[in-house]
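Notes to accompany the following structure.
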Amino acid sequence: MTSPKALLKNRAHLTHKVRYAVSNPARIAPYLRRTARDSWLRLKHPDHIAYYRAVMASDTARDPEAAVGSHGHDRWLALGQMQFDYLLEHGIAPHHRMLDIGCGNLRAGRLFIGHLDAGHYYGIDISPDILISAKRTLTAYGLQDKLPHLTLTRNLTLDFLPDRYFDVVHAHSVFSHSPIAVIDECLANVGRVLAPGGFFDFTFDRTEGAEHQVLREDFYYRTGTLTALAERHGLRARFMEDWEERPHGQSKIRVSAGE
C-alpha cells in the first residue's frame with residue numbers, strides 16, 4: 001500500500017527532482033534524454049493525443065514491453081496476470097463482453113482473450129505501433145480463433161461502439177498518462193456503452209497533495225477529483241481498497257451507471 005508520505009510528493013517540484021537525482025545518479029542521463037525527446041515531440045505535436053502517439057511510436061520501436069510500462073519480460077507477465085486475477089476475483093465470466101481501453105500489446109489482454117468467449121474482447125488504443133505489437137502477441141499465444149477486436153482510436157468518445165453492450169470496461173495505466181480533459185471525455189461517454197450491471201475499472205497515479213504532471217506523460221490526481229468527475233456524468237464511483245494490496249503502485253476506481 002502506498003505510504004501517506006508518498007501520496008504528498010510533487011514529482012514536478014524542483015526540490016523533489018534534485019533529491020531524486022542525488023539519490024539515483026544513474027537515472028540522470030536517461031531522464032535528460034527523455035526530457036529532450038519529449039520537448040521535441042511536444043513542439044512537433046501540440047495536441048496531447050498526437051504527442052502521446054509519437055511517444056508510443058518511439059518507445060515501441062525500442063521495446064514494446066517497456067513501452068507499456070514493464071521493466072523486463074517477467075514484469076510484463078506479472079502485471080498482466082495481476083490485472084487478470086483481480087477481475088477474475090471480481091466475477092468476469094466467459095460470456096461477458098469486455099472493452100479494454102489502452103489495450104497496448106495485450107499484456108493483460110492475452111489472458112482476457114483466452115478467458116472470454118470468441119469475439120467478446122474489444123481492445124482499443126491510440127497507438128498503431130503498439131497494436132501491431134498486439135497482433136504479434138496474439139499470434140505468439142495462439143489466440144487467433146478467439147477473434148478479438150483490435151481497433152485504433154483517436155479519442156475516447158466511444159462513438160463507434162453500441163449502447164449498453166459491455167459488461168466490463170477496463171483502462172489500466174491510461175488515465176495516469178492523460179490530462180483531465182481526456183479523462184472527462186471518457187467518463188462522459190462510457191456510461192452509454194455499459195450494459196446493465198456493468199462496470200468500468202480504471203487505474204490512476206494517486207496524490208493527496210497538489211495535482212501535477214511530469215513531462216506531460218505522467219499525471220497525478222486526487223481520488224476526490226476523479227470520483228467527483230464521474231459523478232457529474234451520472235456515474236457511481238468508488239475507490240477500490242482491495243486493489244491497493246497489489247504491488248503495482250497505481251490506485252483504482254470503479255464506476256457504474258447511476259440509477
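The values are calculated or read from the model by the stated rules, or taken from the named source; none is laboratory data. What you are looking at is a predicted structure, and each value in this text was computed from that prediction instead of being measured. Glycine gets a Cβ as well: all are built from the backbone with ideal geometry, and neighbour counts include every protein chain shown. Remember, those area values only see protein heavy atoms, side chains included, never the ligands or the DNA or RNA. Shrake-Rupley method; radii C 1.70, N 1.55, O 1.52, S 1.80 Å.
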Out of all the residues in segment 137-165, which are over 26 Å from residue 197 (Cα atoms), open to solvent by 30 Å² or more (accessible area, probe 1.4 Å) and either aliphatic (A, V, I, L, M) or touching a residue at least 40 places away in the same chain (Cβ under 8 Å) (or both)? 140, 152, 154
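Give the number of residues within segment 58-94 that are in a loop (DSSP other than H, G, I, E, B) and either of a type in the set (Asp, Glu) or touching a His at 6+ places or on another chain (Cβ under 8 Å) (or both).
Step one: of segment 58-94, the residues in a loop (DSSP other than H, G, I, E, B) are 63, 68-72, 90-94.
Narrowing the set further to residues that are either of a type in the set (Asp, Glu) or touching a His at 6+ places or on another chain (Cβ under 8 Å) (or both) leaves 63, 92, 94.
Within segment 58-94, residues that are in a loop (DSSP other than H, G, I, E, B) and either of a type in the set (Asp, Glu) or touching a His at 6+ places or on another chain (Cβ under 8 Å) (or both) number 3.
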Exactly one condition in (1) without any contact (Cβ under 8 Å) to a residue 24 or more places away in the chain; (2) more than 30 Å from residue 37 (Cβ to Cβ); (3) touching a Ser or Thr at 6+ places or on another chain (Cβ under 9 Å); (4) open to solvent by 40 Å² or more (accessible area, probe 1.4 Å) is false for residue 222; which is it? (2)
Checking the conditions here, which among 130, 124 is open to solvent by less than 40 Å² (accessible area, probe 1.4 Å), under 26 Å from residue 197 (Cα atoms) and either in contact with a helix residue (DSSP H, G or I) (Cβ under 6 Å, 6 or more places away or on another chain) or of a type in the set (Val, Ile, Thr) (or both)? 124
In the set 54, 66, 36, which member is within 18 Å of the chain's Cα centre (by Cα) and free of Cβ contacts under 8 Å to residues at least 12 places away in the same chain? 66
Going through segment 225-239 one residue at a time, which ones are under 17 Å from the mean Cα position of the chain (by Cα) and in contact (Cβ under 8 Å) with a residue 40 or more places away in the chain? 226, 230
For residue 215, which of the numbered conditions (1) open to solvent by 20 Å² or more (accessible area, probe 1.4 Å); (2) in contact with an Asp or Glu (Cβ under 7 Å, 6 or more places away or on another chain); (3) at negative phi fails to hold? (3)
Could you list all residues from segment 61-120 that are open to solvent by less than 20 Å² (accessible area, probe 1.4 Å), in contact with a Gly (Cβ under 6 Å, 6 or more places away or on another chain) and aliphatic (A, V, I, L, M)? 108
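Results for (1) without any contact (Cβ under 8 Å) to a residue 60 or more places away in the chain; (2) open to solvent by less than 10 Å² (accessible area, probe 1.4 Å); (3) in contact with a Lys or Arg (Cβ under 9 Å, 6 or more places away or on another chain), shown as yes or no for each residue.
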{"residue": "187", "(1), (2), (3)": "no, yes, yes"}
{"residue": "190", "(1), (2), (3)": "no, yes, no"}
{"residue": "197", "(1), (2), (3)": "yes, no, no"}
{"residue": "207", "(1), (2), (3)": "no, yes, yes"}
{"residue": "253", "(1), (2), (3)": "yes, yes, yes"}
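State whether one or more residues within segment 174-181 are open to solvent by 30 Å² or more (accessible area, probe 1.4 Å) and among the β-branched types (Val, Ile, Thr). It would help to see each step written out before you state the result.
Quick first cut of segment 174-181, residues open to solvent by 30 Å² or more (accessible area, probe 1.4 Å) only: 177, 180-181.
From the residues that got through so far, the ones that are among the β-branched types (Val, Ile, Thr) too are 180.
Taking every residue of segment 174-181 in turn, at least one turns out to be open to solvent by 30 Å² or more (accessible area, probe 1.4 Å) and among the β-branched types (Val, Ile, Thr).
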Residue hits (segment 225-251; open to solvent by 30 Å² or more (accessible area, probe 1.4 Å) and more than 28 Å from residue 81 (Cα to Cα)) are 225, 228, 231, 232, 233, 234
